[in-house]
1. Around G128, what is the net charge, scoring Lys/Arg as +1 and Asp/Glu as -1 over all other residues with Cβ under 9 Å from its Cβ?
2. Once amide H atoms are placed 1.01 Å from N in the peptide plane, what residues at a sequence separation of 5 or more from A320, or on another chain, have their amide H within under 5 Å of its amide H?
3. Among [x] 22.6; [y] 25.5; [z] 28.7, find the value of Kirkwood radius over Cα pairs in Å that was calculated from the structure presented, and write down its label.
4. Rounded to the nearest whole Å², what accessible area per residue is found for region 336-392 with the 1.4 Å probe?
5. Mind checking the full-extension length gain between R428 and H382? Use 0.36 nm per residue of separation minus the Cα-Cα distance, one decimal, nm.
6. Quick one: what are the phi-derived ³J(HN,Hα) couplings along region 146-151, Karplus 6.51/-1.76/1.60 with θ = phi - 60°, whole Hz, x for glycine and proline?
7. Using alpha carbons only, how many angstrom separate the centre of region 117-147 from the centre of region 331-382?
8. How much net charge surrounds G406 when only the other residues with a Cβ under 9 Å from the Cβ of G406 are counted, with Lys and Arg +1 and Asp and Glu -1?
Amino acid sequence: MATKISPLSGFPELLPEQRVVEREVVASLAHSFELHGFTNIETRAVEPVDVRLGKGETSMEVYLLERLQREVGETEHGDRTATGGLGLHFDLTVPFARYVLEHAGHLQFPFRRFQIQPAWRGERPQEGRYRQFTQADVDIVGRDALPFHHDVEVMRVMVEALDALPLPPLSFQFNNRKLIQGFYAGLGVPDIEAAIRVIDKLDKLPAEKVAELLVSDAGATAEQAEQCLALATIRVADTSFVERVRALGVTDALLDEGLAELAAVVEGCSAALPSDITIEANLRIARGLDYYTGTVVEIFMSGYERLKSVGGGGRYDALASDGRTTYPGVGVSFGVSRSLIPLLADGVLAGSRPVPSAVLVAVSDEESRADSEAVASSLRAHGVPCEVAPTAAKFGKQIKTAERRGIPFVWFGPGSTADATHQVKDIRSGEQVDADPTTWTPPHEDLRPRVVSPTNSPATSNTEETTK
């Protein structure tokens, strides 16, 4: 009986030419992180649910892991059934904190890591929000202490890494939790954490409603709520925010510390600022997760503001601790799937071809297939990806096969040419020249699939390469 296959909402699968884009982006990110000395790790896909929910996450969004069938009385090894079992990881930060605690004896601190992996969230699928998605995280973690200059370093690393990608212009918007907490403390707001959570809703609710919630949820007076909103309206591309905050008349030692740290981050990231990335101090940025303790950042993509932030992170001083030692850290996460899938759907990005092969080696007849395989072996020996034609059809049909697969060159061996030479044909231009399979290579831009901004079809020559 035939089974009807339907897409599973929230679990995107990419076509081959789209996967080219994702792979190139992941490779570029890894290269950028490694240039700065960050080592790659991969954590397990599951974590104890009680650990996940202890970090400010919503139980409705955690996927539980359980075998379909189980023997009577049997328990899954390590499933922690008494405390909620195992769940697929929700992000990469909390698993990383657990990783540090578990392997601290084998790590050198400060530990510099990057991680590019899938994560899972059981939320309502929509554009930019998926139930399975890939994230790219970069973090530095110390033992007991982590100097502030690492905040600046990590933020600059992510700025450089994203600038190397073929993305629309990006905006890094920074704030500092110390600044917010110190300001609210100086005002005398009774419940500072509640006030932070309320201010974080400003991108979803009108200011009047946020003011009401500051009064009802955080215990603020109407005047205090007005001051909180005044702070949240400050957004500048330099350090002039310091004077504007001072002008609000609130004093507090923690506020002073937060102002100094935020100014250092803005200055540090602006020092070598790429032309299509903007840096801003945006004092409404709070980040909802309560483990952030200092620097916070959210990243936005021009033309795709409807996605909200495509990345974010910050400083966390107490996320990882074994009761004796604390491992403070700072990191940033970039939503690979969140950013790329809308760009792919809109045709902004594409792969130049869906297959890695740069050459299709033609077959004159089945008796000479071994000769064609030998040519392919010679090409592969010096790094030219290629494949042999699936059938010994007429050469016109073999060229059509290459066109359908997006392969730019077709190779004809001695049995295929009038003068018994090796020749290679660029099927886009029609140019056909003599070539030696032991030394010939295609132009660099054709050697492997690349990311392009298509003007017609990504498989044609009428494309524009988008690498920066």
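The values are calculated or read from the model by the stated rules, or taken from the named source; none is laboratory data. Predicted, not measured: the structure shown is a model, and the values here were computed from it. Positions of Cβ are backbone-derived with ideal geometry, glycine not excepted, and every protein chain shown enters the neighbour counts. SASA here: full protein model, heavy atoms, side chains in, ligands and nucleic acids out. Shrake-Rupley method; radii C 1.70, N 1.55, O 1.52, S 1.80 Å.
1. Around G128, the surrounding residues sum to +3.
2. Here Y327 satisfy the definition.
3. Here the calculated entry is [y].
4. On the way: 2040 Å² over 57 residues.
With the other protein chains kept in place, region 336-392 gives 36 Å² per residue.
5. Numbers: separation 46, 0.36 × 46 = 16.56 nm, distance 2.36 nm.
Gain in length upon complete extension: 14.2 nm.
6. 9, x, 4, 4, 5, 4
7. Spelled out, the Cα-based centre of one part sits 29 Å from the other.
8. Overall, the nearby charge balance is +1.
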